[in-house]
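J.: Let me give you the structure first, and then I'll get to my questions.
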Amino acid sequence: MPVYEYHPHELALISVVRQATGLTLSEVQERRRTAQDREDRALAAPKEPRKPSELDIALCQRLEWTRIGRVMTEQRIAVYSPDEDRRVARREEQRAQRMAAEAAWSEQRDGGLPVEVLRHRVYRITARATAPTAGEEVVVRHVFAASGPAAVEQARSMFARPGSIYEDGEYRIISVEQVLPEPGEFF
């Protein structure tokens, strides 16, 4: 069965649009400031070697909050609704076209099986060396997985992989947190 996966940036954009629905311009501007603070913290933090990173997510969300505020100002929208936002409609149309193209490609190749939409999420994994040295900070990585346990398994394999930056020491996962879509949001 062919698969359509939401990408982390798509999840970030969809999440922001859903959160913005029903908000006033001042509330959207406050969320943009909060997203800017998150981006600033991510810029100051140690860099993550893989995508998506906290910085990628924060940047994408801040840009979307900024864009929504601009749309509301330009169109004089009192309360945000995705139905009044042409870009949201265009994104959804493009996503539907990608799914249709993948389904058509699959029909030619596999005999017409439907496209399965994977509802993956982005999880923030925090780990600490089992024998930390003085001043050693926790390691934060983001993984794209279908569930929390799948994210843990992916992180464990990343920390144990030969040639990885973590192979010299053992790391213990201390937290797993779903960050996209926001916990409780369903697509």
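The values are calculated or read from the model by the stated rules, or taken from the named source; none is laboratory data. Computed from a predicted model, the values in this text were never measured in an experiment. Cβ coordinates were reconstructed from backbone atoms using ideal geometry, including for glycine residues, and neighbour counts include every protein chain displayed. Areas reflect the complete protein model, heavy atoms only, side chains present, ligands, DNA and RNA absent. Shrake-Rupley method; radii C 1.70, N 1.55, O 1.52, S 1.80 Å.
J.: Simple spin-label model, 7 Å along Cα-to-Cβ: Glu93 to Thr24 in nm?
T.: Label-label distance for Glu93 and Thr24, simple model: 3.3 nm.
J.: Could you give the nm distance between label points at Ser81 and Arg33, where each point is 7 Å from its Cα heading toward the beta carbon?
T.: If labels sit at Ser81 and Arg33, their model points lie 2.8 nm apart.
J.: Still on this model: Using amide H atoms built in the peptide plane, which far-off residues or other-chain residues are under 5 Å from Gln178 H to H?
T.: Under 5 Å from the amide H of Gln178: Arg124.
J.: If you don't mind, there's one more thing I want to ask. Could you rank Ile174, Ile14 by how accessible they are, 1.4 Å probe, largest area first?
T.: Largest to smallest exposure gives the sequence Ile174, Ile14.
J.: Quick one: net charge around Cys60, please, counting Lys, Arg +1 and Asp, Glu -1 for every other residue with C-beta under 10 Å from its C-beta.
T.: That works out to -3.
J.: Also, quick follow-up: In whole Hz, with x marking every Gly and Pro, tabulate ³J(HN,Hα) for region 9-18 from phi via Karplus 6.51 cos²θ - 1.76 cosθ + 1.60, θ = phi - 60°.
T.: For region 9-18, the Karplus curve yields 5, 5, 4, 5, 5, 4, 4, 5, 4, 5 Hz.
J.: Quick one: if you stick a label point 7 Å off each Cα along the C-beta vector at Ser147 and Thr130, how many nm between them?
T.: For the pair Ser147/Thr130, the computed spacing is 2.6 nm.
J.: Note down the net charge around Glu92, summing +1 for each Lys or Arg and -1 for each Asp or Glu among other residues with Cβ under 13 Å from its Cβ.
T.: In short, +3.
J.: Please report the net charge: other residues with Cβ closer than 15 Å to the Cβ of Asp37, K and R +1, D and E -1.
T.: Once all neighbours under 15 Å are counted, the net charge is +2.
J.: What's the FRET efficiency of Lys47 with Val138 using the Cβ-Cβ distance as r and R₀ = 22 Å, to the nearest 0.05?
T.: The formula returns an efficiency of 0.95 here.
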